[in-house]
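Reading through the structure tokens given below for one structure.
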Amino acid sequence: MKASAAIAKILEQHRVQYCFELVGGMITHLLDSLAENGRCTIISMHHEQAAAFAAEGVARQASGTSIAVAMGTSGPGATNLLTGIGSCWFDSIPCLFITGQVNVNELKGDRAIRQQGFQELDIVSMSRSITKYSGQVTEVGQLLPELHRALSLAQSGRKGPVLLDIPNDIQRMDIPDEVVKKWLAQPLDTDLNTPPSLSNKDAASVAALCRYAKRPLVCFGGGARWAASMGSWVDSLEKHGIPYVSTLMGQERICGSKHYFSMIGSYGNREANWAVQNCDLLLVLGARLDVRQTGSDTADFARHAKIIQVDIDPAQLDNRVKADLKICADIEVFFKQFKIAADTFPCTDASWAGELMTRRERHDVDEYPDWRISPHQIFKRLNETMRGQAVNYVCDVGNHQMWAAQGIRLGADQVVHYSGGMGAMGFALPAAIGIGLSSPKKTIVITGDGSLQVNSQELDTLNRLGLNLTIIVMNNFSLGMVKNFQDMYFDGRNQSTRKGYSCPSFAKLAEAYGLRAIQVSDMESLRAAFEKIPGNTSPLLIEIMMEGATECRPRLAFGGKLDEQHPKCS
Ligand SMILES: Cc1ncc(C[n+]2csc(CCOP(=O)(O)OP(=O)(O)O)c2C)c(N)n1
Ligand SMILES: [Mg+2]
């Protein structure tokens, strides 16, 4: 069997449903075989970065239980994939990236030249630091073992991206049918890098700290959001009145509920940060406690609390914040072995959750009364519009993302996706294409004028696919998040965020791509436009004109304390 056909067979065997790509000479054999095989839907994008984000979207939509593929040709096709690969690396998303490469005899090897073949490029070295596995296949006999290893690694332990670089001549070679058969029968080895289950000693140590806590708080991170038992574990917190908060990534799957106090961090909700700074036990599940989550003063983070940190990745455990108890475990295993019962937190202060609820209510105010269109009002309206309906929200990067994170209240059957560790502008539209393709729910993109311009070419892909997808562009005519930073630290000099920055009319741009578009500039027309979202099953773009809206309130000033966000408030 032709090697490229064998790859298609293996991908079929592992139920890879989508492959996103931009064609080039070095992947034509692979594409032809995938198309001939017919099981995997090929989606042609207009930029390999967008193809990578779309593959990430498919894997995200499946909560990391299935792999999607993005392909690029050698040279620029390969380098264009890198941002998306990094995004999968930081946010633990299992994706397979395949790059075509020049023929084996055109590889420069150890020669001290820059390049031998046309578009030859050492993508393996470039991607090694942001993949779980990155390899070039220079012998056809290695192709299927390497593919098997790559697919296994992507889905095992802390999940993540893998890359295979396959020279053109290798794709065209023959692999004996019995060898293909053998690899087709080989299940993936998903136990690779899986940490041991929670020891009795660790479970007892967690229980002992919980037993004396008066003001316990649980913080869910990205490592918890896809755990199969997350929902039932959260239900048991609700049942026993234990408060919980989340990081940006943890928030992706948590519904608004009585004991949920939203997102912590430099753009966190005030009540969430107050909870962290006043709890006496913080149980951190799958969060790496980076600067956006803790602020820069790590010693002040959770200043009154004993911290228990549970993470699948041992390297994350003794990092910025030194936890009192560090446990290396898969969060799903932790959920299964450490159940919340009536006697888990016997000393909880009766007033603790009540105090947090009072604060949540007090802070649920519009912090933008001086603005013509307030982000607080926009997300309140969106929450109401989509109440009771299944939605995938996908956010881009900037102030609009943080407004969304502070304002979106998820209902049952609603999820949100953020570009977490990479924070890549241009993520939302292509990721939403992957999510929208593989999900029956409506998909809603929240983006900014800067972010949408990074991958706006994919409006054409959206039009071609005709997905049930609405794009909300919060157009403040600036790279608002950075402008805000300049306002604070550069005496308002706005180089490249306002000065020298420009954007088109997104409604007109969408129309040029064949999409329906509405432009609004006040709350009344916004309300009318939002009314159109639920009943509309084809692509729609709503452009909200909000010039001058370039601030996120509240936020942490540089070096500030987590519970002293700007603007100050009691
Ligand atoms: C690819 C990329 N380039 C640059 C940045 C730095 N950056 C972070 S937020 C931001 C502004 C985003 O502008 P926009 O999408 O309009 O959102 P706004 O903050 O205005 O809501 C920039 C430039 C980034 N995160 N990603
Ligand atoms: Mg903007």
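The values are calculated or read from the model by the stated rules, or taken from the named source; none is laboratory data. Remember, predicted model here, so these are calculated numbers, not experimental data. When we count neighbours, we look across all protein chains shown, and the Cβ atoms used for this are built from the backbone with ideal geometry, even at glycine. Each accessible area value is taken on the protein alone, full model and side chains, heavy atoms only, with ligands, DNA and RNA left out. Shrake-Rupley method; radii C 1.70, N 1.55, O 1.52, S 1.80 Å.
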Query raised in the report: About the Cα centre of region 440-570, what is the dipole size in debye to 20, counting +1 per Lys and Arg Cβ and -1 per Asp and Glu Cβ, all else neutral?
Result: 180
Report summary line: What helix-only [θ] at 222 nm does the chain give? Using -39500 (n - 2.57) per DSSP H run of at least 4, over all residues, to the nearest 500, the answer is -10500 deg cm²/dmol
Query - Karplus (6.51, -1.76, 1.60) ³J(HN,Hα), θ = phi - 60°, over region 51-63, in Hz, Gly and Pro reported as x - result: 4, 5, 5, 5, 4, 4, x, 5, 5, 5, 4, 8, 6
Query raised in the report: Taking only Cα atoms, what is the 0 to 90° angle, nearest 10, from helix 143-155's long axis to the longest principal axis of the chain?
Result: 10
Query raised in the report: Expressed in whole Å with the largest first, what are the equivalent ellipsoid semi-axes of region 478-567 derived from the C-alpha gyration tensor as the square root of 5 times each eigenvalue?
Result: 32, 18, 10
Requested in this report: Could you list which residues have their amide H under 5 Å from that of Ile518, counting only those 5 or more apart in sequence or on another chain, with H placed in the peptide plane?
Outcome: Leu541, Ile542, Glu543
**Report entry** 10 Å Cβ shell holding at most 15 others, DSSP loop, trypsin sites (Lys or Arg not before Pro): longest site-free stretch of the chain
**Finding:** 388-492
Query raised in the report: How far, in degrees from 0 to 90, does helix 28-37 lean away from the longest principal axis of the Cα atoms of the chain, to the nearest 10?
Result: 80
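What dipole magnitude, in Debye to the nearest 20, does the chain give about its Cα centre under +1 on Lys/Arg Cβ and -1 on Asp/Glu Cβ?
Rounded to the nearest 20 debye, it is 920 debye.
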Query raised in the report: Which of Ala323, Gln277, Val473 sits closest to the plus end of the dipole of the chain, meaning its Cα is farthest towards the positive end, when Lys and Arg get +1 and Asp and Glu get -1 on the C-beta?
Result: Gln277
Query raised in the report: For region 314-325, what does the Karplus curve 6.51 cos²θ - 1.76 cosθ + 1.60, with θ = phi - 60°, yield as ³J(HN,Hα) per residue in whole Hz, taken in order and with x for Gly and Pro?
Result: x, 5, 7, 7, 10, 10, 5, 9, 8, 6, 6, 9
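Based on the alpha-carbon set only, what is the convex hull volume of region 105-243 divided per residue, in Å³? All intermediate terms of the calculation are to be shown ahead of the outcome.
Values: hull volume 26.2 nm³, N = 139.
Expressed per residue, the convex hull around the Cα atoms of region 105-243 is 189 Å³.
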**Report entry** Protein accessible area in the chain, 1.4 Å probe - carbon and sulfur %
**Finding:** 50
Query raised in the report: In terms of modelled amide H atoms, which long-range or inter-chain residues lie less than 5 Å from the amide H of Tyr18?
Result: Thr41, Val69
Query - Flagged links, alpha-carbon separation over 20 Å, of Lys339/Lys441; Lys132/Lys322; Lys132/Lys159; Lys258/Lys380; Lys239/Lys441; Lys214/Lys561 - result: Lys339/Lys441; Lys132/Lys322; Lys239/Lys441; Lys214/Lys561
Query raised in the report: region 200-309: which chymotrypsin sites (Phe, Trp or Tyr not before Pro) are DSSP loop and have at most 14 other beta-carbon atoms within 10 angstrom?
Result: Tyr212
Requested in this report: Using DSSP to define loop residues, name the chymotrypsin sites (Phe, Trp or Tyr not before Pro) in region 61-141 whose beta-carbon has at most 16 other beta-carbon atoms within 10 Å.
Outcome: Phe118
Report summary line: Among chymotrypsin sites (Phe, Trp or Tyr not before Pro) in region 467-570, those in a DSSP loop whose Cβ has at most 13 other Cβ atoms within 10 Å are Phe490, Phe558
Requested in this report: Count the net charge of all other residues whose Cβ sits under 14 Å from the Cβ of Ser66, scoring Lys and Arg as +1 and Asp and Glu as -1.
Outcome: +2
Query - Folded to 0 to 90 degrees: helix 375-385 orientation relative to the chain principal axis, Cα - result: 70
Query raised in the report: Sequence-distant or interchain residues sharing an amide H contact under 5 Å with Val218, placed H: which?
Result: Tyr244, Val245, Leu283
Query raised in the report: Mind listing the Cα extents of the chain along all three principal axes, in Å, largest one first?
Result: 71, 61, 48
Query raised in the report: For region 387-395, what does the Karplus curve 6.51 cos²θ - 1.76 cosθ + 1.60, with θ = phi - 60°, yield as ³J(HN,Hα) per residue in whole Hz, taken in order and with x for Gly and Pro?
Result: 3, x, 10, 6, 9, 9, 8, 9, 10
